[in-house]
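The values are calculated or read from the model by the stated rules, or taken from the named source; none is laboratory data. Just so it is clear, the structure is predicted and the values come from calculations on it, not from any experiment. In this analysis, Cβ positions are derived from the backbone assuming ideal geometry, glycine residues included, and neighbour counts consider all displayed protein chains. Surface accessibility is based on the protein's heavy atoms, side chains included, excluding ligands, DNA and RNA. Shrake-Rupley method; radii C 1.70, N 1.55, O 1.52, S 1.80 Å.
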Amino acid sequence: MSRLYDRHLAAAGLKTTQFSVLAHVSVQALPMAQLAALLGAERTTLTRNLKPLADAGWLTLQPGSDPRQRIVTITEQGRAKVRSARSAWQAAQDEMRRVLGPEALRVLHADLAHAQQLLRALENGTEEGGDGA
């Protein structure tokens, strides 16, 4: 699936992970820790992934209220990049729907959402709803 999305987003000069970061911060500026949690990424991995986006001028890291905190903020160039990449993202979505079929895609999304919920609970030490396997 990642290769399919990466193939489409390559036309916009982005990887799937980069588009995801930009799309999240285009909604609102986020502290790095919160963005990492939303993306399901380690903070060190996020730091590495942010560097090329900052170098391209698509986002900036602003100081937060705590001197150790950094707020990830999208630039106007970043907003333009997200707008230009949305059609590539939609083309990937359309291809995925065509290949899998609408029902299989719906089931896949539901299964992924359920898996994320279980994994979040495991991370928070509130493991619940699993079948014990």
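Observations on the structure shown:
- Top-ranked residue in region 53-75 [being more than 17 Å from residue 24 (Cβ to Cβ) and among the charged types (D, E, K, R); ranked as farthest from the chain's Cα centre (by Cα)]: 66
- Here 78, 57, 13, 64 are screened, and the one residue that is in contact with a Phe, Trp or Tyr (Cβ under 8 Å, 6 or more places away or on another chain) and more than 23 Å from residue 117 (Cα to Cα) is 78.
- Among (1) open to solvent by 70 Å² or more (accessible area, probe 1.4 Å); (2) touching a residue at least 12 places away in the same chain (Cβ under 8 Å), the one test that residue 58 misses: (1)
- Any hit, region 18-35, residues being closer than 22 Å to residue 105 by Cβ, at pLDDT 95 or above and in contact with a Lys or Arg (Cβ under 7 Å, 6 or more places away or on another chain): no
- Just one of the listed residues (69, 117, 90, 77) is in contact (Cβ under 8 Å) with a residue 24 or more places away in the chain and either over 25 Å from residue 8 (Cα atoms) or open to solvent by 50 Å² or more (accessible area, probe 1.4 Å) (or both), namely 69.
- Enumerated helices (runs of 4 or more DSSP H) restricted to region 1-58, each holding at least 1 residues that are charged (D, E, K, R): 2-10, 43-55
- Against the list (1) more than 19 Å from residue 112 (Cβ to Cβ); (2) without any contact (Cβ under 8 Å) to a residue 60 or more places away in the chain, the condition residue 7 fails is (2).
- Residues within region 59-88 that are part of a helix (DSSP H, G or I) and touching a strand residue (DSSP E or B) at 6+ places or on another chain (Cβ under 8 Å), tallied: 2
- Failed item, numbered, when residue 27 is tested on (1) open to solvent by less than 80 Å² (accessible area, probe 1.4 Å); (2) within 15 Å of the chain's Cα centre (by Cα); (3) under 29 Å from residue 117 (Cα atoms); (4) not polar (S, T, N, Q): (1)
- Of the residues making up region 98-133, just one is at pLDDT below 90 and of a type in the set (Lys, Arg), namely 120.
- Index of the failed condition, residue 37 passing every other in (1) open to solvent by 60 Å² or more (accessible area, probe 1.4 Å); (2) hydrophobic (A, V, I, L, M, F, W, C); (3) over 30 Å from residue 123 (Cα atoms): (3)
- If you go through region 11-23 and keep only what is open to solvent by 60 Å² or more (accessible area, probe 1.4 Å) and either free of Cβ contacts under 8 Å to residues at least 40 places away in the same chain or within 26 Å of residue 121 (Cβ to Cβ) (or both), you end up with 15, 17.
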